[in-house]
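Reading through the structure tokens given below for one structure.
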Amino acid sequence: MKHEITVTVNGTKHTSEVDSRMLLVHYIRDVLNLTGTHVGCDTSQCGACTILFNGKAVKCCTMLAAQADGAEIMTIEGLAKNGDLHPIQEGFWEEHGLQCGFCTPGMIMASYDLLQRIPNPDEQQIRHNLEGNLCRCTGYQNIVKSVQFASKKMSGAPGDD
Amino acid sequence: MYPAEFDYHRPESVSDAIKLLQENPEAKLLAGGHSLLPVMKLRLAQPSALVDISRISDLKGVREDGDTIVIGAMTTYSELMGSDVIKQKLPCLIDAADNVGDVQVRNMGTIGGACAHCDPASDFPAILLALESEIKSVGPNGERTQSSSEFFMDMFTPKLEPDEVVTEIRIPNVSNIAKATYIKFAHPASGYAIVGIGAVRTNDGNVQLSVTGSVPIAARLSAVESEISGKDLSDDNIKAAAEKATEGLDFVGDIHASDEYRAHLTKVYARRALESLK
Ligand SMILES: Cc1cc2nc3c(=O)[nH]c(=O)nc-3n(C[C@H](O)[C@H](O)[C@H](O)COP(=O)(O)OP(=O)(O)OC[C@H]3O[C@@H](n4cnc5c(N)ncnc54)[C@H](O)[C@@H]3O)c2cc1C
Ligand code: FES
Ligand code: FES
């Protein structure tokens, strides 16, 4: 069964025809060619596919493209503005929050959700809110520091995002 | 991983959803999809159609109806955690929700979906049982309200017809709750409950306790309740009552934890839950 869906992704409206069973992550990667959103486990465990769906972090390997009809989506490609990295991206850069980078887009989108709810999280809050994201190489220490960097930077310049 | 072929429908109302379920006997309701889609991707379920009810606005949100708190079935865990009514009157549900999966799961998973799925390791059935909640559903023959202990019938089996839609979770007599809590021993990788205990003390001295994770389907710990109710929560009384936590129950075992270990943990967590009711 085919459906017409209209989705706004990183500010651009797309109308496409999708199969009922097309997963949202495949729509984003294979139809829209936004390959920054990764597929790690494909079983809702790792968070590599995390995007913002109507402002909230979700794992889009566990969603249908059809469920996104009418939604506003932001992927990792939507963060940098005019070539300037978003403070969270800068944090991961400055604090060595990545090694291979595979988990990073998902980590950053989950951090975005966190910082919008809790602008100045403590370490425990950062770890709790990133429980849905696994990193197999960096170790979480530097990821925590990256989020702390972003949190400081973002509270210094309100409205920066 | 792609699920097998199916049709997708997004009805505007509960009555349209029921019609679709009647027309498609192999169809399933889709809420947040965070239990259903993973099993469809593994082809453990192959419904002919999905009926997406997640956006029906009548099924969303938290409201008060006298002394009852009503949670719309399609309210997500995060929406529940953001509700002022829940924050003020039932903070135990915030603790329980904050224990479910991770942020992303809480942003999609719904309370109604968690009830209807009857996963033996699910958190909400336990706390909802301890709160003596009721589950309201609508089908072709009208609506009915069941107690949660009737509703949570068996593993993955709610007391629900295939063309019935859960619409509300109702928590009655909220002003009679003196203290309530949900504690959990989570599997360190999946986050699901190896054992979870919901516990409530009412103003008239009753203690209501329930367990999930270690048993085939969430259940009340009646032996503990009758031992402790009406007594003061002294260390000795709590210890004696928690010893009864395994009475009348069958325990499940798997590669993560044996049935004996789960039974043991049930006693330990029953004791801790009772202590936190002091
Ligand atoms: C990575 C991960 C971790 C998780 N960890 C936990 C955890 O720690 N604790 C926990 O409790 N849960 C956990 N869950 C499960 C999560 O809470 C589910 O989202 C929830 O149990 C089901 O809700 P849903 O809205 O996603 O339902 P769906 O998956 O959409 O539906 C589940 C079932 O219920 C039926 N259904 C849905 N709504 C209704 C309705 N209104 N009336 C009748 N039938 C209906 C569907 O047809 C389906 O059979 C986890 C899930 C994932 C993916
Ligand atoms: S790819 Fe979606 S959670 Fe791992
Ligand atoms: S940087 Fe390699 S998985 Fe996280």
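Looking at region A:44-67 only, could you name the residues that are open to solvent by 10 Å² or more (accessible area, probe 1.4 Å) and within 16 Å of ligand 3 (Cβ to nearest atom)?
A:GLN45, A:CYS46 - these are the residues of region A:44-67 that are open to solvent by 10 Å² or more (accessible area, probe 1.4 Å) and within 16 Å of ligand 3 (Cβ to nearest atom).
Here is a yes/no grid of residues against (1) within 18 Å of B:GLY213 (Cα to Cα); (2) at pLDDT 95 or above; (3) within 14 Å of the chain's Cα centre (by Cα):
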residue: B:ILE69; (1), (2), (3): no, yes, no
residue: B:ALA73; (1), (2), (3): no, yes, yes
residue: B:TYR77; (1), (2), (3): no, yes, yes
residue: B:LEU93; (1), (2), (3): yes, yes, yes
residue: B:ASN99; (1), (2), (3): yes, no, yes
residue: B:ALA114; (1), (2), (3): yes, yes, yes
residue: B:ALA121; (1), (2), (3): yes, yes, yes
residue: B:PHE124; (1), (2), (3): yes, yes, yes
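Answer yes or no as to whether A:THR37 is within 16 Å of ligand 3 (Cβ to nearest atom), more than 10 Å from every other protein chain (Cβ to nearest Cβ) and of a type in the set (Ser, Thr, Tyr).
The answer is yes for A:THR37.
Just checking, which of A:ASN133, A:ASN120 is part of a loop (DSSP other than H, G, I, E, B), buried (at least 16 other Cβ atoms within 10 Å of the Cβ) and touching a residue at least 12 places away in the same chain (Cβ under 8 Å)?
A:ASN133
Residues checked against (1) more than 14 Å from chain A (Cβ to nearest Cβ); (2) over 27 Å from A:CYS60 (Cα atoms); (3) more than 16 Å from ligand 2 (Cβ to nearest atom); (4) part of a helix (DSSP H, G or I):
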{"residue": "B:CYS92", "(1), (2), (3), (4)": "yes, yes, yes, yes"}
{"residue": "B:ASP95", "(1), (2), (3), (4)": "no, no, yes, yes"}
{"residue": "B:ALA121", "(1), (2), (3), (4)": "yes, no, yes, no"}
{"residue": "B:GLU132", "(1), (2), (3), (4)": "yes, yes, yes, no"}
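Test of understanding: among B:ILE197, B:ILE238, which residue is touching a strand residue (DSSP E or B) at 6+ places or on another chain (Cβ under 8 Å), touching a residue at least 24 places away in the same chain (Cβ under 8 Å) and not assigned by TED's automatic domain parsing to the domain that holds B:GLY112?
B:ILE197
Among the residues in region A:76-94, are any touching a residue at least 40 places away in the same chain (Cβ under 8 Å), in contact with a helix residue (DSSP H, G or I) (Cβ under 6 Å, 6 or more places away or on another chain), open to solvent by less than 40 Å² (accessible area, probe 1.4 Å) and at the interface with chain B (Cβ under 10 Å from one of its Cβ atoms)?
no
More than 16 Å from ligand 1 (Cβ to nearest atom), open to solvent by 20 Å² or more (accessible area, probe 1.4 Å) and either in a helix (DSSP H, G or I) or at pLDDT 95 or above (or both): is that true of A:PRO105 in this structure?
no
Can you spot a residue in region B:59-75 that is without any contact (Cβ under 8 Å) to a residue 24 or more places away in the chain, over 30 Å from A:ILE126 (Cβ atoms) and either among the hydroxyl-bearing types (Ser, Thr, Tyr) or within 16 Å of ligand 3 (Cβ to nearest atom) (or both)?
no
Restricted to region A:101-126, and to residues that are of a type in the set (D, E, K, R) and more than 11 Å from chain B (Cβ to nearest Cβ), which residue is farthest from ligand 2 (Cβ to nearest atom)?
Checked region A:101-126; the qualifying residue farthest from ligand 2 (Cβ to nearest atom) is A:ASP122.
Any idea which of (1) more than 15 Å from the chain's Cα centre (by Cα); (2) more than 16 Å from ligand 2 (Cβ to nearest atom) is the one A:TYR27 doesn't satisfy?
The one condition A:TYR27 does not meet is (2).
What is the one condition in (1) open to solvent by 10 Å² or more (accessible area, probe 1.4 Å); (2) more than 10 Å from chain B (Cβ to nearest Cβ); (3) over 20 Å from B:ARG55 (Cα atoms); (4) at pLDDT 95 or above that A:GLU72 does not satisfy?
(3)
The values are calculated or read from the model by the stated rules, or taken from the named source; none is laboratory data. Values in this document were obtained by computation on a predicted structure and should not be read as measured data. All Cβ positions, even for glycine, are placed from backbone atoms using ideal geometry, and neighbour counts span all protein chains on display. Each accessible area value is taken on the protein alone, full model and side chains, heavy atoms only, with ligands, DNA and RNA left out. Shrake-Rupley method; radii C 1.70, N 1.55, O 1.52, S 1.80 Å.
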